[in-house]
């Protein structure tokens, strides 16, 4: 059940606070129940820096699908080294993945939307549920600029599928602001961003975008635009106006 009152309170409290101060408030309200998911994107590196440079007790995890770019693993290693930390990885269920690849093939996600969504579920959605279990707050690096569906998204919302409150601290940051922050703080970032990659996921499913293309055009480029969702962030319209 959606904790409407709690979310309203948090939305009120966030007003005027810097990201680090609101993170501290969340830690105080939900000790040991605040977690952040990173894909080592520009956006996620900003949030990671805020957490680790301020030594905040927030768990950071990533989803290692087994098909990430080499550059993603490199920035993961650089991040661990810079902050003397160890980002925890969650991996696909071995039996589910074995059965899927054995029955449909390693690149079957190109053959149909159903196959691709099943692959995303096994490699990302199911591991995410394990990573979020037992937590009250899920911090993300979502930005409104990356999708028309996020233009009216609140900074704090209820995720019904994972039964958790989500906080999007840089939702309204521009790309220029993100890049400037990365530069100012000398934060390691994925070099694929310099080659036209905006949203970076699994290597077989991601390409650089062309001039004038939508931000998400590089993900699952062989599919219709209205089908480009992996299941990690689903925003359903609701009576409360969230979604």
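Okay, here's what the table says:
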{"item": "Residue in region 151-160 that is assigned to a strand (DSSP E or B) and over 15 Å from the mean Cα position of the chain (by Cα) present", "result": "yes"}
{"item": "Residue, nearest to residue 154 (Cα to Cα), within region 5-40, restricted to residues that are free of Cβ contacts under 8 Å to residues at least 60 places away in the same chain and not in a helix (DSSP H, G or I)", "result": "15"}
{"item": "The lone exception for residue 105 - which of (1) in contact with a helix residue (DSSP H, G or I) (Cβ under 8 Å, 6 or more places away or on another chain); (2) surrounded by fewer than 19 Cβ atoms within 10 Å (Cβ to Cβ); (3) at pLDDT 95 or above it fails", "result": "(1)"}
{"item": "Top-ranked residue in region 33-70 [being in contact with a helix residue (DSSP H, G or I) (Cβ under 9 Å, 6 or more places away or on another chain) and at positive phi; ranked as surrounded by the most Cβ atoms within 10 Å (Cβ to Cβ)]", "result": "40"}
{"item": "Residues of region 95-150 satisfying the condition of being touching a residue at least 60 places away in the same chain (Cβ under 8 Å) and more than 29 Å from residue 26 (Cβ to Cβ)", "result": "107, 109, 110, 113, 116, 117"}
{"item": "Subset of region 214-228 that is out of contact with any helix residue (DSSP H, G or I) (no Cβ under 6 Å at 6 or more places or on another chain) and more than 22 Å from residue 69 (Cα to Cα) - its residue that is surrounded by the most Cβ atoms within 10 Å (Cβ to Cβ)", "result": "225"}
{"item": "Unmet criterion (only one of (1) over 19 Å from residue 187 (Cα atoms); (2) at pLDDT 95 or above) for residue 20", "result": "(1)"}
{"item": "Every residue from region 178-224 that is touching a strand residue (DSSP E or B) at 6+ places or on another chain (Cβ under 9 Å), closer than 15 Å to residue 120 by Cα and assigned to a helix (DSSP H, G or I)", "result": "203, 205"}
{"item": "Set 170, 200: member being within 23 Å of residue 15 (Cα to Cα) and crowded, with 18+ Cβ neighbours inside 10 Å", "result": "170"}
{"item": "Qualifying positions in region 82-102 - in a loop (DSSP other than H, G, I, E, B), over 18 Å from the mean Cα position of the chain (by Cα) and surrounded by 12 or more Cβ atoms within 10 Å (Cβ to Cβ)", "result": "85, 93"}
{"item": "Within region 174-183, considering residues that are in contact (Cβ under 8 Å) with a residue 12 or more places away in the chain and surrounded by fewer than 20 Cβ atoms within 10 Å (Cβ to Cβ), the one nearest to residue 2 (Cα to Cα)", "result": "174"}
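Condition check ((1) assigned to a strand (DSSP E or B); (2) over 29 Å from residue 196 (Cβ atoms); (3) at pLDDT 95 or above) across all residues:
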| position | (1), (2), (3) |
| --- | --- |
| 45 | no, no, yes |
| 49 | no, no, yes |
| 55 | no, yes, yes |
| 71 | no, no, yes |
| 75 | no, no, yes |
| 80 | no, no, yes |
| 119 | no, no, yes |
| 141 | no, no, yes |
| 145 | no, no, no |
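The values are calculated or read from the model by the stated rules, or taken from the named source; none is laboratory data. Quick caveat, the model's predicted, so the values are computed rather than measured. Cβ atoms come from the backbone with ideal geometry, glycine included; neighbour counts cover every protein chain shown.
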